[in-house]
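The values are calculated or read from the model by the stated rules, or taken from the named source; none is laboratory data. As the structure is a prediction and not an experimental result, all values here were calculated from the model. Positions of Cβ are generated from backbone atoms using ideal geometry, with glycine treated the same way; all protein chains shown enter the neighbour counts.
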Amino acid sequence: MGSRVPPRSSLHDKDAMRSIPGWFAKKVARGLAVVALTWSPLVLTGTGCGPTEDASEQEAPLDTRAHSFTPMAPSGDFTAQVTRYEYEFATQTGAAKSTLLMDVYPPGGDCFVVKAPQGLTEVHWNGNPPLRSESVEDGIRVCGPGLFAGQVKLEARFTVPLQTYDFTQVGFSRRTDKAGNTFSYLLNWVEGCDRFGPCDDRTDQLAQYVFTIKHAQNERVVCPGQRTRPDNTTTKCTLTGLTKAPTYSSFAVASNPAWVPSTFTEVSNKFKLVFYEVPGGKLAASLNANDVKAYLHWIIGELGPLPYGTELRVAGAPTEWLGVEHPANLILREDLPDLRRDYANMTMHTLMHEVVHQWAGNRTTLSRPFDFVWKEAIAEYLTYLYELRARPSGEAEQTRAYWDRLARTAAYYPQPQDDPPPVFLSLASDVYGTGPMILFLQLEPLLGQDAVLRGIKGFLSQPGDRSVDDLRAALEQASGKNLGPYFDAWVHGAGDPDWPYFEVSTEEDDGDVTLTALQRSVSGTHYPVAVDVLLEGATQSKLVTLDYGLEPESDTLHVTVPFPEPVLQVTVDPENRVVNRRFLGVSDEPPPPRWLF
Ligand SMILES: [Zn+2]
């Protein structure tokens, strides 16, 4: 075990980096091959926690180091995976107790570094006070008896302050809902769970959870997983089945004394959708139960059984975001039916979107924070596909029009390479148009809609963490096409997105029209794309597709079609299927409102 390579995710772990000497951390950053040769022996020897061997050992040739292992109790920071969080939380006081069950990887060690807030108390290591603990940047190092591998239970208490962060509701807050009741919300988000206690906030980590919530007798509490109410002041949620969940969505506890649970639609052994709303709540009232039932049948048919049990709770609340996708537990904004209709049916669209996240985001999750775009793109695109196939005409069209406007006015590429990177929240609210259009809608004419859907289903078919590159690979596998140039042109980039402008001219000749299209962009990129153009005459119109293909070598394209009358009007992308500039040069188009959900 002395030469075992740690799992892939830990190679990028900042916490793990802290456990090794600075000079070596730089080498880790330079190349993984170095890690494969020397990681394990150094974890054993070079740390601040246990006895440190002399420096000459660290500078020895690689082959000497590889044999430096001796079967004594290992010391130093170990790499571990948190397999379960048991979190006790009191809604009235914010008092919390975190219990982390961890699998320790060989070669082991005697200390663990984990992110945590300042102010932990009653820290315990396998039930006993730790041999040593100290604050480190953004967290805590806790040390106990050394072990090569196995399990460690870390416990700590913390009082979560009534405080929110980054101009969002993330944090712990109380708000009055429209009916005058107090809504309490412990809300986590990407890389934030260490605000509530010790927590490994890496996005690619999936774990089990047990929430034990203490509350007032009249308080109705929802939390992720299977929900029970052992007594009048305790609500318990367990997420301990085979399907694990990420921290970003799982640390979530919401309560309202006036919520009344009401089963909205149910098919035994398949799904049971239960609304938690206050009397007079508008969400369930604005939805049709048969429509919701039909949608749940469809999405379960496409993606498989609901990942966290058949019960799906939907609570209405005074939130800023339109909705959030906690496992088995959705929180929707209480006034969705009253908001401006950027989507034709805000309530149904948001509900469908959050349901998709049970698979896309929760069961299968983000490798890195900047993979955020794929989870929103899939939630939006599958919602759109259902609107297209089964909802009243006009819904899908309006969704496309809103996406297109969001995308044209986006500030970033879907997976930006800006240095320094954009503020995460700014990027997150920026991807709801570019994501679904560039990753899926725009690929429909190039790959076929069936191949796009097959790619998504393949991508989501196994639990685990996935990146934007993994999505490209899944779409390539489903279509048999090389998407490298497409992703290079559309997905990755720095600075203001350089979307193409299509200059189209026509020439009439004996009953035919020849269209000449010129792609123009600042960079001169040849965008792989198929864009529709609508030709209109006095009595006829015709939709013509300009197909540049997936690896265009020219910015110019000629297409000749029969069209027996003078062309009066040419409209590029009349159905909002392609991200393209509407004006050449600096666009003065104002961005639309951007929702997070
Ligand atoms: Zn979403």
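On the basis of being within 16 Å of the ligand (Cβ to nearest atom) and either assigned to a loop (DSSP other than H, G, I, E, B) or in the same structural domain as residue 373 (by TED's automatic domain parsing) (or both), does residue 594 make the cut? Reasoning before the result, please.
On the way: within 16 Å of the ligand (Cβ to nearest atom): yes; either assigned to a loop (DSSP other than H, G, I, E, B) or in the same structural domain as residue 373 (by TED's automatic domain parsing) (or both): yes.
Yes: the conditions hold for residue 594.
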Could you tell me whether any residue of segment 192-208 is surrounded by fewer than 21 Cβ atoms within 10 Å (Cβ to Cβ) and more than 28 Å from the chain's Cα centre (by Cα)? no
Kindly indicate whether any position in segment 58-74 is surrounded by 22 or more Cβ atoms within 10 Å (Cβ to Cβ) and at pLDDT 55 or above. yes
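For segment 261-282, check the following and say yes or no: at least one residue is acidic (Asp, Glu), surrounded by 17 or more Cβ atoms within 10 Å (Cβ to Cβ), within 16 Å of the ligand (Cβ to nearest atom) and under 27 Å from residue 402 (Cβ atoms).
Taking segment 261-282 as the starting set, the residues that turn out to be acidic (Asp, Glu) are 266, 277.
Adding the requirement that they be surrounded by 17 or more Cβ atoms within 10 Å (Cβ to Cβ) leaves 277.
Now narrow it down to the ones that are within 16 Å of the ligand (Cβ to nearest atom): none.
Scanning segment 261-282 turns up no residue that is acidic (Asp, Glu), surrounded by 17 or more Cβ atoms within 10 Å (Cβ to Cβ), within 16 Å of the ligand (Cβ to nearest atom) and under 27 Å from residue 402 (Cβ atoms).
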Given (1) without any contact (Cβ under 8 Å) to a residue 40 or more places away in the chain; (2) surrounded by fewer than 17 Cβ atoms within 10 Å (Cβ to Cβ); (3) of a type outside the set (Asp, Glu), index of the condition residue 300 fails: (2)
Which ones in segment 358-375 are within 13 Å of the ligand (Cβ to nearest atom), part of a helix (DSSP H, G or I) and farther than 16 Å from residue 299 by Cα? 372, 373, 374
Tell me yes or no: at least one residue of segment 523-537 is touching an Asp or Glu at 6+ places or on another chain (Cβ under 8 Å), buried (at least 19 other Cβ atoms within 10 Å of the Cβ), of a type in the set (Phe, Trp, Tyr) and closer than 30 Å to residue 419 by Cα. no
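Residues that are more than 14 Å from the ligand (Cβ to nearest atom) and at pLDDT 95 or above: list the strands (runs of 3 or more DSSP E) wholly contained in segment 305-357 that include at least 1 such residues. Write out each step before concluding.
Values: elements: 311-317, 323-326, 329-333.
Where strands (runs of 3 or more DSSP E) fall fully within segment 305-357 and carry at least 1 residues being more than 14 Å from the ligand (Cβ to nearest atom) and at pLDDT 95 or above, they are 311-317, 329-333.
This table checks each residue for (1) of a type in the set (S, T, N, Q); (2) touching a His at 6+ places or on another chain (Cβ under 8 Å); (3) over 30 Å from residue 428 (Cα atoms); (4) not in a strand (DSSP E or B).
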residue	(1), (2), (3), (4)
504	no, no, yes, no
508	no, no, yes, no
513	no, no, yes, no
518	no, no, yes, no
530	no, no, no, no
544	no, no, yes, no
566	no, no, yes, yes
Single condition residue 422 does not satisfy, out of (1) away from the ligand (no atom under 16 Å from the Cβ); (2) buried (at least 24 other Cβ atoms within 10 Å of the Cβ); (3) of a type outside the set (A, V, I, L, M): (2)
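When residues of segment 454-480 are filtered for being surrounded by fewer than 19 Cβ atoms within 10 Å (Cβ to Cβ) and touching a helix residue (DSSP H, G or I) at 6+ places or on another chain (Cβ under 7 Å), how many remain? Steps first, please.
Residues of segment 454-480 surrounded by fewer than 19 Cβ atoms within 10 Å (Cβ to Cβ): 454, 457-458, 461-464, 467, 469-470, 473, 476-477, 480.
Now drop any that are not touching a helix residue (DSSP H, G or I) at 6+ places or on another chain (Cβ under 7 Å), which leaves 454, 457-458, 467, 470, 477.
The number of residues fulfilling the criteria is 6.
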Run residue 285 past the list (1) among the hydrophobic types (A, V, I, L, M, F, W, C); (2) surrounded by fewer than 21 Cβ atoms within 10 Å (Cβ to Cβ); (3) closer than 26 Å to residue 363 by Cβ and report the number of the one that doesn't hold. (3)
Considering every residue within segment 410-425, establish whether at least one is small (Gly, Ala, Ser) and either assigned to a helix (DSSP H, G or I) or in contact with a Phe, Trp or Tyr (Cβ under 6 Å, 6 or more places away or on another chain) (or both). no
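Looking at the structure I just gave you, is residue 110 charged (D, E, K, R), surrounded by 15 or more Cβ atoms within 10 Å (Cβ to Cβ) and under 22 Å from residue 249 (Cβ atoms)? Show your work before the answer.
Working: charged (D, E, K, R): yes; surrounded by 15 or more Cβ atoms within 10 Å (Cβ to Cβ): yes; under 22 Å from residue 249 (Cβ atoms): no.
No; evaluated as a whole, the condition is false for this residue.
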Considering only segment 171-199, how many residues are touching a residue at least 24 places away in the same chain (Cβ under 8 Å) and either among the β-branched types (Val, Ile, Thr) or touching a Leu at 6+ places or on another chain (Cβ under 8 Å) (or both)? 9
Could you tell me whether segment 146-163 includes any residue that is of a type outside the set (Asp, Glu) and under 19 Å from residue 425 (Cβ atoms)? yes
Would you confirm, using the coordinates I've provided, whether residue 302 is among the acidic types (Asp, Glu) and assigned by TED's automatic domain parsing to the domain that holds residue 182? no
Taking into account only those residues within segment 546-562 that are in a strand (DSSP E or B) and of a type in the set (A, V, I, L, M), which is surrounded by the most Cβ atoms within 10 Å (Cβ to Cβ)? 546
Within the bounds of segment 377-395, is there any residue that is modelled with pLDDT of 95 or more, closer than 20 Å to residue 492 by Cα and not in a helix (DSSP H, G or I)? no
